[in-house]
Each structure stands twice: as structure tokens, then as C-alpha cells.
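For reference, the structure discussed in these notes is given below.
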Amino acid sequence: MNTSSWLVLLLFVPVLALAQSDRGTITGTVADPTGAVVPGAALSLKNAETGAVYDSVTTETGNYTLPSLPSGNYELTVAQGGFRKYVRSGIQVQVATTLRVDVTLQLGAATETVIVNSSAPLLKTESSEQSFNITGDEVNALPLTKGSAGLRNPIGFAILNPSVSVPISSAGAASNLQMRVNGMPDSTYRALVDGQDVTNAIDPSHLSETHPSMEALQEVQLSTSNFSAEFGRVAGGLVNLTSRSGTNAFHGSGYEYLTNEDLGAGQPLTNSGNGHLVRPKNRSHDFGFTVGGPVIIPKIYSGKNRTFFFFNLESWRNRLVTGGTFTTVPTSAYRQGDFSAALSGGKTLGTDPLGNAIVTNAIYDPLSDRVVNGQTVRTMFPGNIIPASRIDPVSAKIQALIPAPTNSALINNFAVADTNLTVRTIPSIKIDENLSDKTKVSFYWSQWRQDRDKNALDGLPWPISNGRVYTDRTPTYRLNIDRTITPTLLVHLGGGVVHYVHQDSAPPSVLGFDAVGKLGLVGAAVNPAGFPAISGLSAATNGGMASALGPTNAGTYHNDKPTTVGSVTWIRGNHSYRAGGEWQKDIWANLSYGGTYGSYAFSAANTAQPYLNTTTISGNSIGFPYASFLLGAVNSASVSNFQDAQWRKHNFGFFLQDTWKVTRKLPLDY
């Protein structure tokens, strides 16, 4: 197949869209000492760490382009009959960046060599793209790499760019997985790992649950404007991450970042009892190791200059213990139906149609309804005390699960003591294979994992706690193939998938709770499997139950993102043509069991006066939410069905780009 046929074939592959890659490019012109171009010169580019070789020749106009280069340190060799061999080392190729390296050959025998040790120029002259590159080691050295998810954040470096601002939360903290680039809205950037789009379809800031480990990255780049044609659908910046590869030498590392409450500030206006501020226990470890090198099987296979691996494992563990905070639970008297304490300091707010006084926080019997002059009126429980025989048996069983107060106050009477353990782990591996000087293959896999046993530290036990369990298993797969068809025709193909799975749910012990057998629940809003969600139990300054009880969510969220990319580079004369595309599909699904366990809401209205249609008189309350709960007087009840919400989005298209070089030298007096 000739050159033109390859180009036509790749331009019309049917599943193409805007292509994307993390590969760099070296381009330039080869000339003799007089400035005349040298056509047909042989170029060989060698990766200094892996020995991978990329060959090309100059065109009839003396130009060359070496595309699809993984970031790294390279050595360029140029040879042509009648000239000394040219060798230049220390050429640093960066992520998605085009570097110009012009060569001047010296007359002489081909057996002679001219060695150039100067590094390539840092000034970008081949495009107007505005981008910011930094190595993984440099990001590691920055004091701003810890992300909101505990693990160090691979895009924390972006705050160093003057075009980037980071939103500040109401608590005054920066969210380093959100950013605005050039004034664009929050989190409208895209993120790529080895060319694989890992941007969450709903919110890019969910990179906090898909990103790779910092230790697994070779280089990171932020492009802010004037993007190359291959990068489409970019609004608020493009984050391009390249994973680390193994080399011909074995390398490894180990690390640990420690957090301990003794190293932090104490809570203001507190006393630990020994003259110090209270410091709640907060201990975390961010630790791991890396190892990389050639794949060697003793006496069987040596992968030097051919097969390489790089493995990283990073884990973050945090055990958080609450202390020094208080919440409200029902007093011993309230639990027995005695709400006389709620009348203390109360006042008369008027009289009802029966001529009885209306008193602040009075509890009215829902079974005493009568109609007087067209108005429904109730009678107050004597002494504001509910008889023991009237306490609903289901409410009594639920109440038995609520911890006892730790002091005698009506409110803030329960010292919260709870523990949360969060473990986040990112294993990853990169395999590179030089099948030949013409074909290079690389494979990358990582998995963002999270296990968090309780997100809400409310001090309540299961199943009445509002806490939820977080579980994440988000693998990223990427395969890249680079093939040199001819010295002036190169093809890049890539494919991969991100499978984002985030579970935000009450634990199985709650969702599988036998509400019928253990609580005796009956009625339309009953599901035998699941402890019910109960809300509306607090009376603010007069006690009750400050927290809602039971589950608040039971969902699993999926974002599957398969992508394929392809591009071809064809160098001819003064032109470097590049064409290609990408197919991408976003599949979002929310599998929700929320509400299937039944929901019950209580309010003061169920123990207030019906004819008033209100529980507030002149700023004072009547009725009592927790009393309504003890009576089983439900304000509203519902049960939901399982919900499966899904959407899909396809993106496809193609691009064609021509980079034209002018090589004619102009006289100084032009």
C-alpha cells in the first residue's frame, strides 16, 4: 500500500472524532554550513532510558518530524554522506508539546562524529498553544499536593499557573480538584491519562475518585488556550497526565506522609483537662512504593531495550475519632412519655373553643378530636404526660436503639463519640513493549479504590445512624500502539475505558434489616427489607431527637467511558500533515434503592390543635415532634420503588492539521 492510500484510509475510518494524545513531537530542519537544506538525511532518535529507537529521513526541503514520542530524555543522531555524523543528547520531550531542534551538519567523513551536549531550546516556536509542563518529581516536591480525597492530587500544580484560580468553600478551604481556567466556570476542564479521557461525565471534579497516583506520573501538563486541533471539546483547560515507564535500569522508592493530631492546632476555647486545647484524634498515613525496570525472567527472557514495567501502590488511611461535641437525644423522662419539663417557663397563649388555656409546648391527644362550632379541637394530655399504654410499640422498639443521654440537660445532652476509618488505595502498572524499531506498544492500568465505613460521625449505632458507607472501585485501562509505516508516515492508535463505580449507601445491615419481624411495622409504607428513614423528631430548644434516624441514601453510580483514538502523521516537503479522530461514549447510571426501605416523617402538628392549622402562636410552639413519634402519629409516610436512571452520550468527528515550515534563509538587509 502506497503512502497516499494509507492517508486516505485513516482519514475515512468511520468511528473517528477529535483525537487526543499525551505524545510529544520533535521537528526541525537539517542544513549544511552554508544554510542549504540537506534532503534524504537519516535521523535516528533514541530514548536514553529505554533504548527505544524512532527513525525518519528529511524531505526534499530538508525538514523532518518525529511524532508520537513518549515524554522523556532522547538522543538524536543525523547521518548523510559527505557530512560528519551529528549526535545531540539531552533532548527533553514534554507531554503533548512540539519541540524544534534544527541541525547543522559539518562537512567531513561519515566516520567522524560531532557531539552536541547543549539542551534543546525551551522557547516554543512551533505553535501558539499556551501550556504549562512540570515533571512528576517536581509536583511531588510541592507543598500543595494533598487533595480533598486525602490522596495527593495530581493537578494541584495547576494553581501555580497565573490563568488558574481555585474556588474557596464557605469554610474558607480551597478545593484542589476544582479550578477555573481563564475565568471559565468551575470544573469545565478535561483530564487525560496516557491519552485516555478520565473526565467524569457529570462533574470533572470527580477526578478525585478516578485520578492516578502522583508517584505513577512521569509528567503533567495544563494547556490553557490555543489548543492543538487534536484536542476537542475543551472549555476550561486540558490536563494531560503521562504515566511513568520502566527503563533499562531497575529503580524503586518507598514513601510515607504522616498526619497526627499532636502536630495540629487544637480546638479554640476548649480544655483537655491538662491545660491544653482539645485535639480530636486525627491520624492518617499516605504511604506506598514504586518499582520499575526491564522485564527479566532469569535464564528465559531479558527485556532490556525491549520490555519494561513500572508498578506503583499508594494507600491513604485515616482514622478519625470525634470528641468534644454534643447533640440532643430524648431525656429519660421523655422516653417514658413525660413531657412536663417542656412546660417549664411556658406561658398561656390564649384559650381554645372549649375554654381551655393553650400553653407553650402543650401536647394534645390525637384521639380526643371533637368538633365544636365547626372546628376540630383536641384535649391536652394531663400534666403533659402520655400514658405508658399509649406509647406505640414500634416507636418503643426504635427508641430502645437510641443511646441514653450523658447529662441531665434537655438539649446538647449526648457527648458524641464515633470513629471513622477511610482507606483509599491506588495500584497501577505500566507495560511498554518495543516490538521492533517500527512498532511500539504500551499498556496502562490503575484502580482508584475507596472503603469508608461511616461518613457521618453522629455517635449513633447502626441501624439508626444517618451514616453511609462509601465504596469505590474505578479501574482505568489504556492501550497505545505506534507504528512507523515509512520514515515519513507514522500511525498512532489508542483505546481504553474508565469504569467509575461509586457506592454511597447505608450498609447491608441497615438495608437488609427485618423491619416487620424486629419492629412490627405494618401498613402501605413498609418494605420487609430495610430499617425505615425517620425524620422530624426535634423540638429545637426543648429537646427530643436532634438527628433523623435510619438511612439517607442507597445508591450506586456508574460512569462507563470507552474511548478509541487514531491519528496519522505524514511529512512531505515543507508540510507535516496530521489527521485523525476519536470515538467516545459516556454512559451514566444511577441505581438507587433510596426510599425503598420506607420513610416516615413526624411533626408537632400531630400533637397540636387541628383547628389552628399551625404549631406556632406569637412565636411560641404547641405540640411536640418527639411526642408525636411516641404516639406513632405519623405526619407522612411513603415507600419508593427501585430507580434506574441512565443516559448515554456519543462524541465523534475528525481533524486535519497542516504545519508548514519556511526554510529559506533571508538576507540581513531584506
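Out of region 410-437, which residues are in a loop (DSSP other than H, G, I, E, B), open to solvent by 20 Å² or more (accessible area, probe 1.4 Å) and in contact (Cβ under 8 Å) with a residue 60 or more places away in the chain? Correct list: LEU410, ILE411, ASN412, ALA417, ASP418, ASP437. Here is the figure for region 253-293: residues that are within 29 Å of GLN450 (Cβ to Cβ) and free of Cβ contacts under 8 Å to residues at least 12 places away in the same chain total 1.
Sub-6 Å Cβ pairs linking a first residue in region 389-400 that is closer than 14 Å to PHE513 by Cβ to a second residue that is open to solvent by less than 30 Å² (accessible area, probe 1.4 Å) and not polar (S, T, N, Q), at least 6 apart or interchain, are VAL394/LEU519; VAL394/LEU521; LYS397/LEU519, ordered by first then second residue. Residues in region 596-623 that are in a strand (DSSP E or B) and of a type in the set (A, V, I, L, M) were compared, and the one that is farthest from GLY523 (Cα to Cα) is ILE617.
Between THR556, THR596, the distinction of being under 29 Å from PHE642 (Cα atoms), touching a Ser or Thr at 6+ places or on another chain (Cβ under 6 Å) and polar (S, T, N, Q) belongs to THR596 only.
If you go through region 318-332 and pick out every residue that is touching a Phe, Trp or Tyr at 6+ places or on another chain (Cβ under 9 Å) and either in a loop (DSSP other than H, G, I, E, B) or surrounded by fewer than 16 Cβ atoms within 10 Å (Cβ to Cβ) (or both), you end up with 3. Based on what the data block shows, is LEU349 open to solvent by 20 Å² or more (accessible area, probe 1.4 Å) and out of contact with any helix residue (DSSP H, G or I) (no Cβ under 9 Å at 6 or more places or on another chain)? Here the answer is yes, as LEU349 does meet what is asked. Please work out which residue is most open to solvent (accessible area, probe 1.4 Å), limiting yourself to region 478-488 and to residues that are of a type outside the set (Lys, Arg) and in contact (Cβ under 8 Å) with a residue 60 or more places away in the chain. Step by step, filter region 478-488, then rank; the result is PRO487. Out of all the residues in region 300-317, is one or more modelled with pLDDT under 90, of a type outside the set (A, V, I, L, M, F, W, C), open to solvent by 50 Å² or more (accessible area, probe 1.4 Å) and under 30 Å from ASN412 (Cβ atoms)? No: zero hits.
Table: residues versus (1) in a strand (DSSP E or B); (2) open to solvent by less than 50 Å² (accessible area, probe 1.4 Å); (3) touching a Pro at 6+ places or on another chain (Cβ under 6 Å); (4) among the β-branched types (Val, Ile, Thr).
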| residue | (1), (2), (3), (4) |
| --- | --- |
| LEU490 | yes, yes, yes, no |
| GLY496 | yes, yes, no, no |
| TYR500 | yes, yes, no, no |
| GLY517 | no, no, no, no |
| GLY523 | no, no, no, no |
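Suppose the filter is over 19 Å from ASP560 (Cβ atoms) and either free of Cβ contacts under 8 Å to residues at least 60 places away in the same chain or in contact with a Leu (Cβ under 8 Å, 6 or more places away or on another chain) (or both); does VAL491 pass it? Against the criterion (over 19 Å from ASP560 (Cβ atoms) and either free of Cβ contacts under 8 Å to residues at least 60 places away in the same chain or in contact with a Leu (Cβ under 8 Å, 6 or more places away or on another chain) (or both)), VAL491 qualifies.
The values are calculated or read from the model by the stated rules, or taken from the named source; none is laboratory data. Here the structure is a predicted model, which is why all the values come from computation and not from measurement. Heads up, the Cβs are rebuilt from the backbone with ideal geometry, glycines too, and the neighbour counts pull from every protein chain shown. Quick note on the areas: whole protein, heavy atoms, side chains included, nothing else; ligands and nucleic acids left out. Shrake-Rupley method; radii C 1.70, N 1.55, O 1.52, S 1.80 Å.
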